[in-house]
1. Want the number for residue 81 to residue 30: 0.36 nm per residue separation, take away the alpha-carbon distance, what's left?
2. Can you give me the pair-distance distribution of the stretch 23-92, C-alpha pairs, 10 Å bins, whole percents?
Amino acid sequence: MRKLICTVLCLSLVFVLLTGGFALSEERNMQVVIDYDGSNNPIYIGKAATGTASANTQWQIKRITYSGTNPTNIQWADGNSEFDNSWTNRASLTYR
């Protein structure tokens, strides 16, 4: 029995390492969009339900700031991870 438990735990760990974790069914129905700066660094990452229009206020948005080419900070629009922002307005939102 111990060997079986160890095997299951080891296989689970390998799965997490290879796939990045267990996706919830909600996450499989999400779209992700990325906006890049002139140096091809991702600066905004947005996530919403598949089919959500970019102007709708149903987006979760985070902003990445850089020092040179090194990412230094990741902040959420409105300071939270709620799905209540417009992707269209990402550049004018407040990030904390």
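1. Details: separation 51, 0.36 × 51 = 18.36 nm, distance 1.46 nm.
Full extension of this stretch gives 16.9 nm more.
2. Histogramming the stretch 23-92 at 10 Å steps yields 20, 49, 27, 4 percent.
Here, each number is a calculation from the coordinates, and none is a lab measurement. This structure is a prediction, so every number in the text was calculated from the model and none was measured.
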